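Data block below; observations after.
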Amino acid sequence: MLIYRIMCNFALQSQIMKKRIFIGMCVALLLTSCAQEYNQVYKTTDYGYKYEFAKECFAKGKYGFAVPLLQDLVTIEKGTDNAQECLYMLAMAEYGLKDYQAASETFKKYYQTYPRGQYAEMASFYIGQSLFESTPEPRLDQTPTVAAIAAFQDYLDIFPDGKMKGTAQQRLFDLQDKLIRKEYLNAKLYYNLGSYFGNCTNGGNNYEACIITAQNALNDYPYSNLREDFAILVMKSKFELAQMSVESKKLQRYQDAEDECYGFINEYPDSKERKTAEEYIKKCKEFTKG
């Protein structure tokens, strides 16, 4: 009985393997057939057929096949009724492949070439959207973020009632949050460095840099949800700067730190750092009262 089961199991596994091999061969033949057809289309001078084949590839999401064909067709179809669609499909195919830099440039080319074209509004939107998708995390250089903000602002200026208005506005908020986060990380880095670079007893460079960075961010983004976090850094930096100052500067800096603590408590009475502010005030008064 055991031998019979083993033989049945072996036969079943053998059948499964044969099916897998057969399926694999069919897929290989299909891919070879598709590749051969694609190569023929790519080399053909029947541009109408190439155009229809490119559209079919695009519609099926086969962007890797569509892009080379459309790159050819953009030049070939220039000046024809199909020119606009070829250029716009090329941009969308690049976007579909996540080649966002190329997509942004192609969308820009479309809009510059056809500012009143059939796809002008969407091309304008996708210039910003492509840049948005390629923006780096906050700790890195934010030049692409600034470019994306400018692109979305252009879209909203040109199409104030455009169908992508809501999305573009939300993208602007998201991108501004990224810039704010970048400024916060910069300010926090200065605070964490403290007296590491420079002689803080004669100037407190890092704490001063933290204060300036945080205050500039508060002025530039007054409604940021990181407003309290920036205020905490300013308060702590002013106190640390006072403590590390030379005698001739201590009184003025302790007064400044004390005022900052009172201002912080008034603005954020329920802050988790309220006790810290109150402790700072007590220490500051040891100097300011004398």
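Bear in mind these aren't lab numbers, they're just calculated from the coordinates by the rules spelled out. Since this is a predicted model, take the numbers as computed values, not measurements.
So the values come out like this:
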{"read-out": "Proximal aspartates and glutamates relative to Lys165, as straight alpha-carbon distance under 14 Å, when same-chain residues fewer than 8 apart are discounted", "value": "Glu121, Asp154, Asp157"}
{"read-out": "Shape of segment 107-231, Cα gyration tensor, a/c cut at 1.5", "value": "prolate"}
{"read-out": "Length added when fully stretched, Val246-Asp46, from 0.36 nm per residue minus Cα-Cα", "value": "63.7 nm"}
{"read-out": "In Hz, Karplus ³J(HN,Hα) per residue of segment 132-147 (6.51, -1.76, 1.60; θ = phi - 60°; x = Gly, Pro)", "value": "4, 5, 9, 5, x, 5, x, 6, 8, 4, 9, 4, x, 5, 4, 5"}
{"read-out": "When each of Lys236/Lys285; Lys78/Lys108; Lys78/Lys98 is checked by Cα-Cα distance, pairs over 19 Å", "value": "Lys78/Lys98"}
{"read-out": "Phi-based couplings in Hz for segment 93-102 (Karplus 6.51, -1.76, 1.60; Gly and Pro marked x)", "value": "5, 5, 5, x, 7, 6, 8, 5, 5, 5"}
{"read-out": "Rounded to whole Hz, the Karplus (6.51, -1.76, 1.60) HN-Hα couplings of segment 106-111, x for glycine and proline", "value": "6, 4, 5, 4, 4, 5"}
